[in-house]
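Structure record follows, encoded as C-alpha cells.
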Amino acid sequence: MAFGGFRTDLPPGLQEYLLQARQMQALAFAVHIPLVCFGIAFPAMILFTEWRYLRTGDRLYRTLARRWTRIMAALFAIGAVTGTILSFQMGLLWPNFTGTFGGVFGLGFAIEGFSFFAEAIFIGIYIYGWDNFSPRAHFLSGIPVAIAGFTGSFTVISVNAWMNHPSGFTMRNGSVEDVQPWRALFANSFLWHELVHMYLAGFIVTGFILASAYAVSRLRGRWDRYHRTAFAIPFTVAALASPVQVLIGDWAARDVADSQPIKLAALEGLGHTTSGAPIHVLGFYTDGEVRYGIGIPKMLSFLAFHKFNATVAGLDKIPTIDAPPVNVVRIAFQSMVGIGSALALLGVIYLIVWARRRRLPNSPWFFRAVVLAGPASCVALIAGWVTTEVGRQPWVVYGVMRTADAVTGAGGIPVAFGVLVVVYAGVAVATAWILRRLASNPIDDGDESAPPVTGRHRAAVVVPSQGGA
C-alpha cells in the first residue's frame, strides 16, 4: 500500500532508511541552495559595481565592490563545505541511483567540479588583484569567476532536468545502454525553463537578501550615499527579475503539463481528469478534491494549454502508489507563487517610484517590507525546490527508477543525520560571525589606496537620493 506517493509496503528497515535519507537529503539541500544563488548572481553584481567604478572613476563603487568581494569569498568557502556534503550524500544515501545512472549524468558533475576549482582559483586572483592589478586588469580577472559560477550551476541544473525528463539512454533488462551524456544533459527540452527559472531565482534571492541588510541600516538611521548605493544596486536587480520570473513560471508550468501531468495535478489538487479545470487558491486536498479554497473556473486549463476548455489529467489517471504527497507539494507550490507574487509587487512599486521621481522610496513601511523580503525570498526558493523534487516522487528518475529502489540499505543514517545537524549548526554560527566581522570592519580604500582610472570616463553616476514616497 501507499499514501500519497510514500510507499508503506516496503520492509520495515528499508522504509525507515527511505524516510531518514529523504530528511537528510532535504536538510542538506535546503542549506546549500541559497548559497548556490549567491554563486550565480553575486559575482555578476560585483562586476557591475566595479564596472561603474571604471566608467565613472567614483571610488565609492570600488569600495562597495571590494567589500562585497570579501563577503563573496566567505560565502564561497561556506558553499564549498555544504556542497561537498551534498555530493557525498548522493553516493552514500542513493548508491543504486548513482551506480545505475552515473554514466549518464556523471559528465554534469565532472564539469561542475572543474568549474568549482576554476572559480576558487580566480576568486583568489581577484582578491589578490585589488591592490596589485590595474583597474581594468582587475575587472577582467573577475569575469572568469562569474562564468565559472554560471557554468557550475548550469551543469547541476541539467542533471536535475534529466531526472525530471530522462533521455539519452536505453534501458534493457534493467541495464543502462546506448548512453549519450551530451544529449541527455544538454539537449533536454526540460532543461531550459529550469535553467532560466533558477538563474532568475539566483538574482532575486541575492538581490533581496543584500537589500534587506541595507534596509535594516536605513531603519536604524544609517543612510549615507554608500548605503543608498549598496541598497539600490541589488534591489534594482531583484525588482527587475521578479516580474520576469512570473512569466518564466508560466513557461515552466506548461512544460510540466506536457511532460509531468501528474505533478501538475498534485500542484493544483486536481483529483479527477477535467475539461475546463479550475485553479484553487489556498485550500486543502482531501478525498479527491480541494476544500476551503477559492476556485477560479477554467483557469488551470488556460494556463496549462492556453485553452479554457482543455482537458487536464487528474490524479485518477494513475494508481495512488505513483502519486506524490499532494498536500506537501501543493502547500510548497502555493507558498512559492504567493511569496513570489508579493516580491514582484514590491519590485514593481519600487520601479514605479523610481521612474516617476528618480529617487528611492522613503516610507519606513517600504523598507520594513524589504527587510522581510530577504528571508521570504529564501522561503520561496526552498518551496520551489520542494515543488520540483517532492512533486517528482515516488520517482528519483521520472518514470524509470523509484526513490525507494535507489536508497541505501546500510544502517547508521540517524547517527549521520545527527552529526550533519551539528555540523550545519556550527556552519551557521561561523557564517554569522564571519559576516558580522566583515560588516563591522571598514575597508581603507581612500584616494591614496585606489588606483586611478586612466583614460576618459564619464562623470560620476547620480546615486539615488532619499526622499519621496
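Computed from the coordinates by the stated procedures, all read-outs in this text should not be read as laboratory data. For clarity, every value in this text was computed on a predicted model and none was experimentally measured. Glycine gets a Cβ as well: all are built from the backbone with ideal geometry, and neighbour counts include every protein chain shown.
Points to keep in mind about this one:
- Residue-wise HN-Hα couplings along the stretch 210-216, as the Karplus relation 6.51 cos²θ - 1.76 cosθ + 1.60 with θ = phi - 60° gives them from phi, are 4, 4, 5, 5, 6, 5, 4 Hz; Gly and Pro carry x.
- Of the residues 80, 36, 63, the one whose Cα sits farthest toward the positive end of the charge dipole of the stretch 12-135, with +1 on the Cβ of Lys and Arg and -1 on the Cβ of Asp and Glu, is 63.
- Between the stretch 85-128 and the stretch 364-384, the alpha-carbon center distance in angstrom: 30
- Across the chain, the volume of the C-alpha convex hull divided among the residues equals 162 Å³ per residue.
- Between the stretch 390-414 and the stretch 291-345, the alpha-carbon center distance in angstrom: 24
- About the centre of its Cα atoms, the chain shows a dipole size close to 1860 debye [charges on the beta carbon of Lys, Arg (+1) and Asp, Glu (-1) only; nearest 20 debye].
- In order along the stretch 86-95, phi translates into HN-Hα couplings of 4, 5, 5, 4, 4, x, 7, 8, 10, x Hz, rounded to whole numbers, per the Karplus curve 6.51 cos²θ - 1.76 cosθ + 1.60 with θ = phi - 60° and x for Gly and Pro.
- For residue 396, the residues whose amide H sits under 5 Å from its own are 401, 402, 403, ignoring neighbours fewer than 5 places away on the same chain, with H placed 1.01 Å from N.
- Residue-averaged 222 nm ellipticity for the chain, from DSSP H runs of 4+ at -39500 (n - 2.57), nearest 500: -24000 deg cm²/dmol
- Residues whose amide H comes within less than 5 Å of that of residue 293, counting only those at least five positions distant or on another chain, are 284 (H built at 1.01 Å from N in the peptide plane).
- Relative to the dominant Cα principal axis of the chain, helix 135-164 is inclined by about 10°.
- In plain terms, if you count all Cα to Cα distances in the stretch 212-354 and split them into 10 Å steps from zero, the share in each step is 11, 33, 25, 15, 12, 4, 0 percent.
- Sorted on the mean count of surrounding Cβ atoms within 10 Å across their residues, most packed first, peptides 207-214, 45-52 read 207-214, 45-52.
- Most tightly packed first, judged by the mean number of other beta-carbon atoms within 10 Å of their residues, the peptides 379-387, 22-30 read 379-387, 22-30.
- Put a plus charge on the Cβ of each Lys and Arg, a minus charge on the Cβ of each Asp and Glu, and nothing anywhere else: the dipole of the stretch 184-322 about its Cα centre is then about 780 debye.
- For residue 312, nonlocal amide neighbours, meaning residues 5 or more places apart or on other chains whose placed amide H falls under 5 Å from its own, are 274, 275, 276, 277.
- Karplus-based coupling profile of the stretch 316-332, in residue order and whole Hz: 6, 6, 9, x, 4, 5, 9, 9, x, x, 4, 5, 4, 5, 5, 5, 4, with θ = phi - 60° in 6.51 cos²θ - 1.76 cosθ + 1.60 and x standing for Gly or Pro.
- Across the chain, Cα pairs under 8 Å and at least six residues apart give a relative contact order of 23 percent.
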